[in-house]
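First comes the structure, then the notes that go with it.
The values are calculated or read from the model by the stated rules, or taken from the named source; none is laboratory data. Here the structure is a predicted model, which is why all the values come from computation and not from measurement. Note that we place each Cβ from the backbone using ideal geometry, even for glycine, and neighbour counts take in every protein chain shown. All accessible areas refer to the heavy atoms of the entire protein, side chains included, with ligands and DNA or RNA removed. Shrake-Rupley method; radii C 1.70, N 1.55, O 1.52, S 1.80 Å.
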Amino acid sequence: MPTNLPPGYFDAEKRYRAAESTAEKIVCLEELMSTIPKHKGTDHLRADLRRQLSKLKAEKKSSKRPSKHQSAFRVVKEGAGQVAVIGPANAGKSSLVATLTNASPEVSEAPFTTWRPTPGMMLVKNIQVQLVDTPPLDRDYVESELFDLIRRADLILLVVDLLTYPVEQLKNTLAILDEHNIAPLHLKEQYTDERYMSFIPLLVVANKCDDKSCDGVFDIFGELLEEEWPLLPVSVTNERNLDDLKQSVFEQLEIIRVYSKIPGEEPDLGEPFVFKKGSTVADMAAKVHKDFYENLKSARVWGSSAFDGQMVQKDYILQEGDVVELRI
Ligand SMILES: Nc1nc2c(ncn2[C@@H]2O[C@H](COP(=O)(O)OP(=O)(O)OP(=O)(O)O)[C@@H](O)[C@H]2O)c(=O)[nH]1
Ligand SMILES: [Mg+2]
């Protein structure tokens, strides 16, 4: 049966064939279908094109669903450590990340402002540490991927509002974490079966401690907790104790800074290498270059635990601030 297609069909078909993206193809195909007269002779053609259209629409829909790798909750680690800033709504998590890093997450007096994680880099001692602002940890609204983000973090900053039932806020947040098999590292001994748990170092940040008048409230908060907690009172608004907070983050990450030195030259004290505590000269050689690792003959160290220029072996454990000269 003749199809009797109008000239508009052939123009639309050209555009459809030239379309590159799925979205563009859908628009062109719909246009193409609208040019086809509806009669018995075009039944097959219309059915074919309808099938193609639904295939394209399905393609578009599945590409919209972010894969695990594209998810906003999968934040690529940068710098010397990744720190998840978590806690109940309105505690000041976004304010903290906005003040300490180059990121600008939205801050608002209305709770439930943040819906997606936002990473930012914080300079502490001359190294960069990544802070990640997160949506509020609330049983009714939390997305399960947030717990994956927390499990991957090197450190948790649990922010509570010191002026709004901080004990309840802390206990509630810990209970939610526990329900998802996440617990503070310092409580590890309390768990008889550790197999399914992720233990992450955790520091409690009691925010909104704006002036000295709040210090008493902070003391009571500490006394009301049943155990010893790593706690720090801060005020993001008034920038109280934020330097202490940065220092604590550095310490809790258990990292050291080590500087390299070329024989006969002054050490480069600008850009340290960052290692986990307990790393050795061999670890440093591996980080500098494969050749250094494979052909290392000797190393000399200047630092607190070695006398200046002391020759050391590959298994020498590096210390914070060491200057190391590798020789191959
Ligand atoms: N007084 C006082 N208010 C603060 C302080 N830090 C943050 N705020 C205020 O607390 C409110 C909430 O701040 P956000 O940073 O948006 O809190 P959040 O924890 O990110 O909130 P959600 O994204 O909703 O979970 C805002 O009105 C801030 O200005 C502080 O140190 N002192
Ligand atoms: Mg927020």
Residue satisfying all of: in the stretch 126-142; surrounded by 15 or more Cβ atoms within 10 Å (Cβ to Cβ) and away from ligand 2 (no atom under 14 Å from the Cβ); farthest from E168 (Cα to Cα) among these: I127
Failed item, numbered, when L202 is tested on (1) surrounded by fewer than 16 Cβ atoms within 10 Å (Cβ to Cβ); (2) under 28 Å from the mean Cα position of the chain (by Cα); (3) more than 16 Å from ligand 2 (Cβ to nearest atom): (1)
Test: V217 is β-branched (V, I, T) and under 20 Å from Q82 (Cβ atoms): no
Per-region count, the stretch 111-135, residues more than 18 Å from Q82 (Cα to Cα) and near ligand 1 (Cβ under 7 Å from one of its atoms): 4
Residue within the stretch 233-240 that is away from ligand 1 (no atom under 16 Å from the Cβ), open to solvent by 60 Å² or more (accessible area, probe 1.4 Å) and touching a helix residue (DSSP H, G or I) at 6+ places or on another chain (Cβ under 9 Å) present: no
Number of the exception - V159 against (1) within 16 Å of ligand 1 (Cβ to nearest atom); (2) out of contact with any strand residue (DSSP E or B) (no Cβ under 8 Å at 6 or more places or on another chain); (3) of a type in the set (A, V, I, L, M): (2)
Members of the stretch 312-324 found to be within 32 Å of the chain's Cα centre (by Cα) and surrounded by 19 or more Cβ atoms within 10 Å (Cβ to Cβ), listed by number: L318, D322, V323, V324
Search result, residues across the stretch 34-52 that are touching a Lys or Arg at 6+ places or on another chain (Cβ under 9 Å) and touching a residue at least 24 places away in the same chain (Cβ under 8 Å): I36
Odd one out for V76, checked against (1) under 30 Å from G270 (Cα atoms); (2) surrounded by 19 or more Cβ atoms within 10 Å (Cβ to Cβ): (2)
Yes/no for T113 being closer than 28 Å to F218 by Cα, modelled with pLDDT of 95 or more, surrounded by 14 or more Cβ atoms within 10 Å (Cβ to Cβ) and among the hydroxyl-bearing types (S, T, Y): no
Selection from the stretch 264-311 of residues that are exposed (fewer than 14 other Cβ atoms within 10 Å of the Cβ), over 35 Å from the mean Cα position of the chain (by Cα) and at pLDDT below 85: N295, K297, S298, F307, D308
Residue in the stretch 177-200 that is over 30 Å from K276 (Cβ atoms) and either hydroxyl-bearing (S, T, Y) or out of contact with any Lys or Arg (no Cβ under 9 Å at 6 or more places or on another chain) (or both) present: no
Odd one out for M121, checked against (1) closer than 24 Å to L253 by Cβ; (2) surrounded by 20 or more Cβ atoms within 10 Å (Cβ to Cβ): (2)
Tally, over the stretch 88-125, of residues that are touching a strand residue (DSSP E or B) at 6+ places or on another chain (Cβ under 8 Å), of a type in the set (D, E, K, R) and within 14 Å of ligand 2 (Cβ to nearest atom): 1
Complete set of residues in the stretch 116-162 that are free of Cβ contacts under 8 Å to residues at least 40 places away in the same chain and of a type in the set (S, T, Y): T118, Y141, S144
Enumeration of residues in the stretch 143-160 that are closer than 17 Å to Q70 by Cα and open to solvent by 10 Å² or more (accessible area, probe 1.4 Å): E143, S144, E145, D148, R152
Any chance I255 is touching a residue at least 60 places away in the same chain (Cβ under 8 Å), open to solvent by 30 Å² or more (accessible area, probe 1.4 Å) and β-branched (V, I, T): no
